[in-house]
1. What ³J(HN,Hα) values, in whole Hz, does the Karplus curve 6.51 cos²θ - 1.76 cosθ + 1.60 give for region 362-371 when θ = phi - 60°, with x put for Gly and Pro?
2. Please sort 377-385, 344-352 by packing, taking for each peptide the average over its residues of neighbouring beta carbons within 10 angstrom, highest first.
3. Amide H of Glu133: which non-local residues (sequence gap of 5 or more, or other chain) have their own amide H closer than 5 Å, using H built in the peptide plane?
4. Whole-Hz ³J(HN,Hα) for each residue in region 290-299, computed from phi via Karplus 6.51 cos²θ - 1.76 cosθ + 1.60 with θ = phi - 60°, x for glycine and proline: what do you get?
5. For region 319-330, in order, what is each residue's ³J(HN,Hα) by Karplus, 6.51 cos²θ - 1.76 cosθ + 1.60 with θ = phi - 60°, in whole Hz (x at glycine and Pro)?
6. If amide hydrogens are placed 1.01 Å from N in the peptide plane, which non-local residues have theirs closer than 5 Å to the one on Ala350?
7. Mean residue ellipticity at 222 nm from the helices of the chain, using -39,500 (n - 2.57) per DSSP H segment of n ≥ 4 over the full residue count, to the nearest 500 deg cm²/dmol?
8. Please list, in chain and number order, the residues 5+ apart from Leu267 or on another chain whose amide H is under 5 Å from its amide H, with Hs placed from the backbone.
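No lab work stands behind these numbers, since they all come straight from the coordinates. Computed from a prediction, not measured in an experiment: that's the story for all the values here. Cβ coordinates were reconstructed from backbone atoms using ideal geometry, including for glycine residues, and neighbour counts include every protein chain displayed.
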Amino acid sequence: MNVFDERINRFDTHSVKWDHTEAIFEKEDLLPMWVADMDFRAPQPVIDALTTRIQHGIFGYSMPTENTKSAIQGWLNRRHHWSIQQDWIVFTPGVVPALSAAVNTYTEKGDKVVIQSPVYYPFRDMVEKSEREVVDNPLVRKNGKYEMDFNDLETKIADPEVKMLLLCNPHNPVGRVWKKEELIKLAELCLANHVLIVSDDIHFDLIFKGYEHTLISSLSNEIAANTITCIAPSKTFNLAGMQLSTIIIPDEEKREKFNAYMGKLGLFAPSPFGITAVEAAYNHGEEWLDDLMDYLQENLSYLTTFINERLPQIDVIEPEGTYLVWLDFTKLNMSHEELEQFVQGEARLALDEGYIFGEGGKGFERINIACPQSVLQEGLERLEKAIKGKE
Ligand SMILES: Cc1ncc(COP(=O)(O)O)c(C=O)c1O
């Protein structure tokens, strides 16, 4: 049996996805296929390193060391062909806090920040909660895939009040892994208009066959100096609860400003478990990740075949990366409220409703396929039963 086939009971582990779904969705017996973590155990070397750390028994204040930074450097070199200096690295308790910190560090109240919807909803939230204004540059759908609308961006970014662009690469929820040419065009527009790029690459290790991820910062020194790159082992190795992300800021002045903001929040000492997990994952998690990607590829093909053959009312937007699949339900002709009620009330599934990612997400649902294939099958059969019941 493949290790990823094992169905592990996650109840009573404080899991957001399993223990909190009933309260969050206000419904019982939903199969949770929403929030972006995986129903798989982390790589064994990470579990072993954490076990050793726990058995040490002393859990005092801890800080990452040169070894932690070397592990990150090594990973970026080996897997992403980007050579960074250790002193470019800043740690935060997550990527969302880093997005918020970047907005607050580099823009003023009332400034404008570009997002590309439909996009991971905290992008809009972090901008609006910081009392900055969102400028949306919606993605456009062409031949079943999403693209950036550069004409629209060129007009909007020329506004001198636009100070920052939040890039999602790979893009959650539409699954695009942006091509080099697209990133170059985007970076050039940002440089020409003095707009800082904050690139959220949290899903960058989860790339399907035939696609290649590019870190926008790796394209040139000039682009790197105009970019804040956010990465983490949390999606890659299922370590979101460990709360340690890496923010890479090559420009010294920008880094000092970011550090000053983090200092103001009093954030200086992460959990020892986060540090241990990061080191073990980046140093010893490569083989596990390759096996994971094979499994996710199979799950994706299972889902696509199932939907194409048995649920032609739904269109799968083929993801190039991430374990999140964007499903188009618009042929069912339901309002987004009706669709939500149908998916949760009839199919008994907890998915992420498309509308939370922006206006263009209405009529869509995001499903998380990082689960044993038998769970995916159960979810799709629930959907099939509900759709057949409607006919
Ligand atoms: C694009 C993106 N950024 C950030 C996050 C969350 O990051 P963190 O848990 O490190 O705050 C997610 C989680 O789903 C995500 O999809």
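1. Once θ is set to phi - 60°, the couplings for region 362-371 become 5, x, 10, 9, 10, 10, 9, 9, 8, 8 Hz.
2. 344-352, 377-385
3. The list, which skips near neighbours in sequence, is Gly110, Asp111, Lys112, Val113.
4. Working through the residues one at a time gives 5, 5, 4, 5, 4, 5, 5, 4, 5, 4 Hz.
5. So the Karplus estimates, Gly and Pro as x, are x, 9, x, 6, 9, 10, 10, 8, 10, 9, 9, 5 Hz.
6. For Ala350, whose amide H was placed from the backbone, the distant partners under 5 Å are Leu31, Met33.
7. It lands at -12500 deg cm²/dmol.
8. Counting only residues 5 or more places away or on other chains, the set is empty.
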